[in-house]
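What follows draws every value from the coordinates through simple rules; no lab data is involved. Just so you know, these numbers come straight off a predicted model, no measurement behind them. All Cβ positions, even for glycine, are placed from backbone atoms using ideal geometry, and neighbour counts span all protein chains on display.
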C-alpha cells in the first residue's frame with residue numbers, strides 16, 4: 001500500500017462527481033484555512049504537511065461520508081499544530097465540524113505511557129471516542145491509514161509501535177464495525193513492517209497464483225456473465241477479488257502452511273440489484289458447477305452480527321479447479337466494504353447508529369472505568385470481549401448471538417438476559433446435554449434450561465465465563481448472595497441470644 005500524494009483539485013473533483021449539491025465554497029474555504037495553518041511545515045517523508053490532511057479528507061470522501069466529516073478531516077490537525085482554535089472553527093464551520101475536530105484532537109493527544117499502559121490508554125481513548133460519536137473513529141481510521149502509508153519516514157522503533165498498535169487495536173475495531181476494506185488495509189500495511197519476511201513470502205505466493213490462475217478466473221467470470229445474461233437479471237457486476245496478504249498468512253498458519261487447503265486465493269464476486277436475484281445467481285452456479293459440500297453459507301437469511309450479508313458458495317469447475325463465489329446486492333456490498341460507515345454514505349451527517357450490544361458496553365465502560373488503574377485491571381477481559389475472533393451462535397428460535405471465541409453456555413445465557421444467566425441450570429448444544437463450561441463454536445444451536453427457584457449463579461462460573469458482561473453479572477449476583485447469607489447468619493445468632 002504505497003503513498004499517493006493527493007491534491008485539492010483531486011479532492012474537489014471526487015466530491016463534485018459523487019456528492020449531490022455539495023457546498024464547494026465551504027470546502028475551498030476549509031482548504032485555504034488548513035493550507036495556511038500548515039504553511040512551511042513538513043512531514044518526516046519530506047512532503048508538505050498539507051498532503052496528510054488532504055489524504056485523510058480524500059479517503060473520507062471515497063467512503064462517501066457527509067461533507068462535514070470530510071471538512072473535519074481537512075482540519076483535523078490545525079488545532080494541535082497551529083494557533084487556530086476550536087472557537088474559530090466553530091464560528092467558521094459550525095458546531096458539528098468543531099466537535100469532530102475537537103474529538104479527534106483529544107484522541108491523538110500525546111500519550112506518555114509505555115508498553116502495556118500505552119496500549120491500555122490508546123484503547124481507552126478509542127472506546128470513549130466510539131461511545132460518543134463513531135464518526136470520529138472513521139476519521140481516525142483515515143488518519144492511521146495514511147500514517148501507515150508514510151511509515152517509511154519514521155524511525156524503526158516508531159514503525160514497530162505504530163504497526164503493532166494498528167494491528168492490535170485499529171484493525172479489530174474496524175472488523176467489529178464491519179469495515180472489511182479498512183480492516184484489510186490496516187492489517188496488510190502493519191504486516192509489512194511487523195513481519196517483513198512473511199509479508200514478502202505472502203506477496204510472492206499471491207503474485208504467482210494470480211499469474212497462474214488469473215486467465216482461468218477470467219474465463220469463469222466470462223461464463224458467469226453469460227449465465228446471468230440468459231436470465232431476467234438486468235443489471236449485475238461480476239469481478240475477481242484477490243485475498244489479502246495478512247488474511248492469507250493467518251489462514252496458512254491454521255493449515256500448517258498447506259496452500260492446497262486455501263480455496264479463496266482468488267474469489268469471484270457477483271453483485272446484483274435485489275435479494276431474489278442473489279438466490280437466482282446461486283441456483284445458476286449450482287446448475288453449472290457442482291458445489292463443494294459444507295461450503296455454502298447463507299449470510300442473507302442469517303446476517304453476521306456486524307451486519308454483513310452475502311451468499312457464499314465454493315464450486316468444482318472444469319478440470320477439478322475449485323472457485324469461491326460471493327453473491328450480494330449493491331447495498332450489501334457497500335455494507336460489506338464500509339460497515340457502519342455505509343449508513344452515512346452521501347446521506348445525512350447524523351450521529352445516530354443502531355447500537356449493538358458491544359457498542360452499548362463501550363458506553364458502560366466509559367462510566368465504570370473512570371481511572372487508569374481500573375481500566376488496566378479489566379484490559380485482558382475487554383481484549384477478549386471486543387477484539388478476539390467472534391463466533392455466531394443460535395437460539396432455538398434462530399436468533400444470532402455474537403460471542404467471543406471460547407465462550408461457553410454461561411456467556412450465551414447472560415447474553416440472552418441476566419435472569420436467564422442467574423437461573424441457568426443446564427444447556428443443550430445441538431440437542432445434546434453439555435457441561436456449562438463447554439466451549440461453543442460458530443453455528444451451534446444452544447438451549448438454556450432455567451430454574452426459577454434457583455437463588456443465583458454458582459461463583460465457580462467465574463472460572464470459565466469469557467465475556468465481561470457475564471463476569472460482571474455473576475460477580476454482582478454472588479456478592480448479593482454472600483451478603484444475604486451473612487445477614488441470615490447474623491439474624492440466626494441474634495435469635496439464639498434471645
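Relative to the present Cα-Cα distance, how much length would full extension add between residue 259 and residue 204 at 0.36 nm per residue of separation?
Taking residue 259 through residue 204 to full extension adds about 18.5 nm, to one decimal.
Neighbouring Cβ atoms within 10 Å as the yardstick, rank 298, 188 fewest first.
Arranged by neighbour count, lowest to highest, 298, 188 become 298, 188.
One quarter of the convex hull surface, Cα atoms only: what value does that give for region 206-264 in nm²?
4.9
Going from the alpha-carbon gyration tensor of region 128-266, what semi-axes, largest first and in whole Å, does one get by taking the root of 5 times each eigenvalue?
In descending order, the three semi-axes are 32, 22, 13 Å.
Roughly what would the spin-label model give for residue 219 and residue 288, points 7 Å off Cα along C-beta, in nm?
Going from the residue 219 label point to the residue 288 one covers 1.3 nm.
Determine how many Å³ per residue the convex hull of the Cα atoms of region 197-341 encloses.
Values: hull volume 17.9 nm³, N = 145.
Given the Cα convex hull of region 197-341, per-residue volume reads 123 Å³.
Taking the alpha-carbon centroid of each part, what is the distance from region 141-163 to region 267-329 in angstrom?
Centre-to-centre distance over Cα atoms comes out at 37 Å.
Calculate I(q)/I(0) for region 8-194 by the Debye formula, one identical point scatterer on each C-alpha and no solvent, and give its log10 at q = 0.16 Å⁻¹ to two decimals.
These q points yield log10 I(q)/I(0) values of -1.04.
Please sort 149-162, 324-337, 304-317, 24-37 by packing, taking for each peptide the average over its residues of neighbouring beta carbons within 10 angstrom, highest first.
324-337, 304-317, 24-37, 149-162
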